[in-house]
Amino acid sequence: MVEAWYMDESQEDQRAPHRLRPNRAVSLEQLRRLGVAYRKLDADNYETDPCLKEIRRAENYSWMDIITIHKDKLPNYEEKIKTFYEEHLHLDDEIRYILDGSGYFDVRDKDDKWIRISMEKGDMITLPAGIYHRFTLDENNYVKAMRLFVGEPVWTAYNRPADDFPARKQYMKFLAEEASNGV
């Protein structure tokens, strides 16, 4: 099961866990209220997994590829790692399914605090369009992930500040509605 927590303010190695002391855990329900969706799937059988097939059909994830992030596998590794860790948003949902290895997605909460989401084999996450986030490997320095898209992939990341994009405004409206519902 996925684990998430509020991050400390340390500027040390981004691959470290960066837990507050004492730890402030974040539940799946808290992530859901931020628009973050999580699923656990069978990564050992992703090529034939009926659950993945049904998710792709239901969500219209018509395009996918697999990326391996490791210094021996990814061209321009150091540059890519820095780019992934820049705080940014996308105009479309970001869907990632961890097939092997592990890493962290960091997302901002409604008060602009960082939440670290530890992802490992079998974890699938959907980050909503407009949420500020970033990605880093953990101390294992390796992840193999499936990237899923509705239609042709759009790789554009908009670094913060990017508050004027309609996707960001829509996301902020979603957060306000969640807050007004008392959820």
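Data for the structure
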item	result
Base-10 log of normalised Debye intensity for the range 81-183 (one unit scatterer per alpha-carbon) at q = 0.22 Å⁻¹	-1.26
Charge sum, other residues only, whose C-beta stays under 11 Å from D13's C-beta, Lys/Arg counted +1 and Asp/Glu -1	-2
Label-to-label distance, nm, for residues given as D13 and M1 (7 Å Cα→Cβ offset)	2.9 nm
Accessible-area composition of the chain, carbon plus sulfur, in percent [1.4 Å probe]	48 percent
Size of charge dipole - the chain - debye, nearest 20, with Cβ of Lys, Arg +1 and Asp, Glu -1, no other charges	240 debye
Hydrodynamic radius of the range 131-183 per Kirkwood, over alpha carbon pairs, in Å	14.3 Å
Rounded if a/c under 1.5, otherwise prolate or oblate - the range 66-119, Cα gyration tensor axes	prolate
Mean accessible surface per residue for the chain, computed with a 1.4 Å probe while every protein chain stays in place, in Å²	56 Å²
Global form of the range 1-83, assessed from the alpha-carbon gyration tensor, a/c cut-off 1.5	oblate
Pair S118, A25: separation of 7 Å Cα→Cβ label points (nm)	1.1 nm
Accessible-area value, Y158, 1.4 Å probe, nucleic acids and ligands omitted, Å²	60 Å²
Given K80/K121; K53/K173; K113/K169; K73/K113; K82/K113; K82/K169, the pairs whose alpha carbons are separated by over 29 Å	K53/K173; K73/K113
Karplus 3J(HN,Hα) series, Hz, for the range 64-76 with 6.51 cos²θ - 1.76 cosθ + 1.60 (x for Gly, Pro)	8, 8, 10, 10, 10, 9, 7, 4, 8, 10, 9, x, 6
Using alpha carbons only: equivalent-ellipsoid semi-axes of the chain, gyration tensor based, whole Å	23, 21, 17
Stretch gain in nm, segment E59-R32, where the contour uses 0.36 nm per residue and the Cα spacing is subtracted	8.0 nm
Centre separation in Å (Cα based) which lies between the range 35-89 and the range 96-110	9 Å
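The values are calculated or read from the model by the stated rules, or taken from the named source; none is laboratory data. Since the model is a prediction, treat every value here as computed from it, not as a measurement. Neighbour counts are summed over all protein chains in view; Cβ atoms, including those assigned to glycine, are modelled from backbone coordinates with ideal geometry. The accessibility values were calculated without ligands, DNA or RNA, using every heavy atom of the protein model including side chains. Shrake-Rupley method; radii C 1.70, N 1.55, O 1.52, S 1.80 Å.
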